[in-house]
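The values are calculated or read from the model by the stated rules, or taken from the named source; none is laboratory data. Since the model is a prediction, treat every value here as computed from it, not as a measurement. Virtual Cβ from ideal backbone geometry, glycine too; neighbours counted across all protein chains shown. All accessible areas refer to the heavy atoms of the entire protein, side chains included, with ligands and DNA or RNA removed. Shrake-Rupley method; radii C 1.70, N 1.55, O 1.52, S 1.80 Å.
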Amino acid sequence: MNEILLTGWGRTTPTRSRVHLPADTDATLRLMADGNGSRGLLARGLGRAYGDAAQNAGGDVLDMTSLAGIHAVDVDAATVDVDAGVSLDTLLRHLVPLGLFVTVSPGTRYVTVGGALACDIHGKNHHREGSFARSVLSFDLLTPDGEVRTVTADADPEVFWATAGGMGLTGVVLRATLKLLRIETAMVSVDTERAGDLDDVMARMEARDDDYRYSVAWIDLLASGAAMGRSVLTRGDHTPLADLPEGKRANALDYGPKALLSAPAFLPPGLLNRLTVRAFNELWFRKAPVSQIGHPESIATFFHPLDMIGDWNRIYGRAGFLQYQFVVPFGQEGAMRQIVEELVRHQCPSFLAVLKRFGPGNGLLSFPSPGWTLALDIPAAMGGLGPLLARLDERVVDAGGRIYLAKDSRLAPHMVPRMYPELDRWRELRERLDPKRRMTSDLARRLQLL
Amino acid sequence: MRNAVGDVQTVLVLGGGSDIGSAIAARLVQQGARTVVLAGRRPEAYAQAEQSLRSAGATTVHRVSFDADDTDGHPKVIAEVVSTVGDLDVTVVAFGVLGDQSVDEHDPAAAVAVARTNYLGAVSAMTVVSQQLRTQGHGALVVLSSVAGERVRRSNFVYGSTKAGLDGFATGLADALQGTGARVLVVRPGFVVSKMTAGMDKAPLSTTPEAVAEVVVKGLAGSATVVWAPAALRLVMSALRHVPRPVFRRLPV
């Protein structure tokens, strides 16, 4: 046991917790049964949620990364049985050489399977394959009554969908079986095109996203005027073996991503300002080909470019940063446009802004729902940020949209029921699994989720 | 809980009748705080403060009885507040008495009364609240010190000495709370035009409760440990601190 300050990936709002390394399931069980004080318990993975989702101030936190076994890979059935604390990084290093890939990969490999399920994460293929939970065949959930249930979407849809996207508040996920995707090579064939403005990129995505398994647009939120919303759209799919040059086919599934460098521990504040980000965005836009078809990229380059820089969250300095991600339904393109206009007007120094289209959603608190999603990183110290985002929240709600709890660090509690109409249903189910309210988090306290 | 842009949800003011205390609460409510507890000797007198907090957006305002001098009663009051409103995001130690220097420096009982409220009461309250903050693993304690305590002056040394003691305690507590998730913000206002100073001649660089609140909220949003109100006092005081005593004694401050 270790008493330490924890933050999310954005490094804002540190709070103190007792962090435990559960050696095995029995140890986790004992901790849960102990009822150590009244501050509750929460499982934490790799801490990549941006805000306070994996923090539990004054309470107990289970560091699940110590439960990280890969129990069985069934190559024929394309499934894998893993402990919840295993990271996608570890998993991919095992699976890719076998010709298998996770069905849903987020923008970083450094998330755990348990965290991915709790946040019901999505990737660049949501418009085709849905969220992470859709690839979860079953999971073992330890509830505060000490029971371990094996949950499937068919046999126990309520517990399944209360847990998927339930932000870790229904219990501790111990183990999961995932449906995998077969791949023939460790490469991705990528089509890239530049779009001159927001309407252009949205039109291109609407027209042809369905032809691609993966699609995402990087958007320049500092460009204004006629160039407002200019973007680089990248779409692709895993490269079939036949498309590789003959000389490379023997090693088609070689996979060994490395971090190139790590951000230093201490960086001056204000490194990311409007000038530096504008310069970066200009360069990024210009360096992208106007149009390029079938460019071969590695899995790491295509899916996880930021993982090449270790601890990249440090570049925001001591004040940290936050990510704002919302979705508005199809048909609300006008709302998306207004929000982008407002962000551009405020010149948020955001070099990481991505636009995507979601397919059908699922779950009670699961974020993705059919529509357009925009995610952007913003330095927390930016002046006027709180009121700006509160205004955007209103626009998002008015458009029938919502913001992503895994990214949130500043939403007002009264907005949650307006964004998640199933919140009360989720509360009811959660209460049944945890009547004594042992499971909690800073996010749950801040947003009054329980 | 505090959020990533520095807004908080729950505010406790110890010294609910204090103009500065309620100005800080009002400012935090404007920034999104919804629950305020005004604790003081005369909760019945805070109806108007409650009303203005509600019209600023507070949804829950409690007025509770709290006597700084009744240090034995502090743990119970704080425990009851916590059981009613939950975690304390910001607690403002705002109570204090000015005393009457001309009387107090000759009347032991009067001098002790000032010290009891301003120093002993604050030491007790800060200790009790800090225990709660350690337990909850987060939260800020805002302590109203005074420039009067930074270098104690002939003209108000009874009051000044209590603030000097309080300031030292709060500064030490801030260091002790490093790594606990809790923090202390020491506030050193100059002459504040308020109920407490009604009828007194304004000193140079005088300020208002609202201006102090502004400085406090800004300090809370960042990682400040000490703030002056107005900020220029920091420079003035760092100069005054080095004035030789025979000169300082004669200064008309």
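Sorted into 10 angstrom bins from 0, the C-alpha pair distances of region B:12-53 split as 33, 60, 7 percent.
Per residue, chain A exposes 38 Å² of accessible surface when a 1.4 Å probe is rolled over the protein heavy atoms with every protein chain present. When all alpha carbon pairs of the protein assembly as shown are counted in 10 Å bins from zero, the resulting P(r) reads 3, 14, 23, 23, 17, 11, 6, 3, 1, 0, 0 %. Taking the DSSP beta bridges with both ends in the protein assembly as shown, the antiparallel portion is around 65 percent.
Percent of alpha carbon pairs in region A:187-416 separated by more than 32 Å? Don't skip to the end; give the middle numbers.
On the way: 5900 of 26335 pairs.
Considering region A:187-416, 22 percent of its Cα-Cα pairs are separated by more than 32 Å.
With n ≥ 4 as the cut-off for DSSP H runs, can you work out [θ] at 222 nm for chain A, using -39500 (n - 2.57) per run divided by the number of residues, rounded to the nearest 500?
Working: 13 runs with 114 residues, N = 450.
Result for chain A: -7000 deg cm²/dmol, rounded to the nearest 500.
Assuming 1.306 mPa s and 10 °C, estimate D for region B:79-175 with Stokes-Einstein, Rh taken as the Kirkwood radius over Cα pairs, in µm²/s. Once the numbers are plugged in, D ends up at 112 µm²/s. With kT/(6 pi eta Rh) evaluated at 37 °C and eta = 0.692 mPa s, and Rh the Kirkwood radius from Cα pairs, region A:314-450 diffuses with a coefficient of 206 µm²/s according to Stokes-Einstein. The distance between label points at A:H94 and A:T152 comes to 2.1 nm (points 7 Å beyond Cα on the Cα→Cβ vector).
Comparing A:T234, A:H295, A:N281 along the charge dipole axis of region A:190-296, the residue lying farthest to the positive side is A:N281, per the Cβ-charge model.
About its Cα centre, the dipole of region A:187-416 is roughly 600 debye, where the only charges are +1 on Lys and Arg Cβ and -1 on Asp and Glu Cβ. When the Cα positions of A:Y255, A:V172, A:A203 are compared along the charge dipole of region A:159-301, A:V172 comes out farthest toward the positive end, with charges on each C-beta of Lys, Arg, Asp and Glu. With coordinates expressed along the principal axes, the C-alpha atoms belonging to region B:10-250 extend over 52, 37, 34 Å, beginning with the largest. Put simply, chains B and A cover up around 1400 Å² of each other's accessible surface, both sides summed, when a 1.4 Å probe is used.
Inter-chain Cβ neighbour count for A:304-310, averaged per residue, equals 0 (cutoff 10 Å, partner chain atoms only).
With R₀ set to 22 Å, the beta-carbon distance separating A:E341 from A:E206 gives a calculated FRET efficiency near 0.65. In terms of the mean number of neighbouring beta-carbon atoms within 10 Å, the peptides A:263-273, A:356-366 order highest first as A:356-366, A:263-273.
Of the residues A:L271, A:H304, A:S366, the one whose Cα sits farthest toward the positive end of the charge dipole of region A:187-416, with +1 on the Cβ of Lys and Arg and -1 on the Cβ of Asp and Glu, is A:L271. Once C-alpha pairs closer than 8 Å and six or more residues apart are averaged by separation and normalised to the residue number of chain B, the relative contact order reads 18 percent.
Given R₀ = 56 Å, what would the calculated FRET efficiency be for B:L205 paired with A:D398, taking r from the Cβ atoms and rounding to 0.05?
Numbers: r = 47 Å, r/R0 = 0.83.
Approximately 0.75, to the nearest 0.05.
Counted as membrane-span-like here are DSSP H helices of chain B whose alpha-carbon atoms extend 27 Å or more along the helix's own axis and whose Kyte-Doolittle mean is 0.0 or above; these are B:157-176. The Cβ shell under 10 Å around A:H304 holds other residues with a net charge of -1, Lys and Arg each +1, Asp and Glu each -1. Between A:L21 and B:R250, the FRET efficiency estimated from the beta carbon spacing at R0 = 60 angstrom works out to 0.40.
Listed by chain and number, the lysines whose alpha-carbon sits under 22 Å from that of B:K195, ignoring those within fewer than 8 places in the same chain, are B:K163.
Other protein chain C-beta atoms within 10 Å of residue C-beta, averaged over A:4-17: 4. Using a Cα-Cα cut-off of under 23 Å, which lysines could be cross-linked to A:K356, ignoring same-chain neighbours fewer than 8 residues away? The qualifying lysines are A:K124, A:K287, A:K407. The shape of region A:25-165 can be summarised by an equivalent ellipsoid whose semi-axes, obtained from the alpha carbon gyration tensor, come to 26, 17, 15 Å from longest to shortest.
Peptide B:102-108 has a mean shielding of 0, counted as Cβ atoms of other protein chains within 10 Å of each residue's Cβ.
Dipole magnitude for chain A: computed about the Cα centre from +1 point charges on Lys and Arg Cβ and -1 point charges on Asp and Glu Cβ, it is near 1220 debye.
Using unit Cβ charges (K, R positive; D, E negative) and no other charged atoms, how large, in debye to the nearest 20, is the dipole of region A:22-126 about its Cα centre? Using only the charged Cβ atoms, the result is roughly 400 debye. Distances between every pair of Cα atoms in region A:27-76, grouped in 10 Å steps from 0 to the bin holding the largest one, split as 22, 41, 25, 10, 2 percent. Considering only B:R241, B:R151, B:R34, the Gaussian network model of chain B with Cα springs below 10 Å gives its largest mean-square fluctuation to B:R241.
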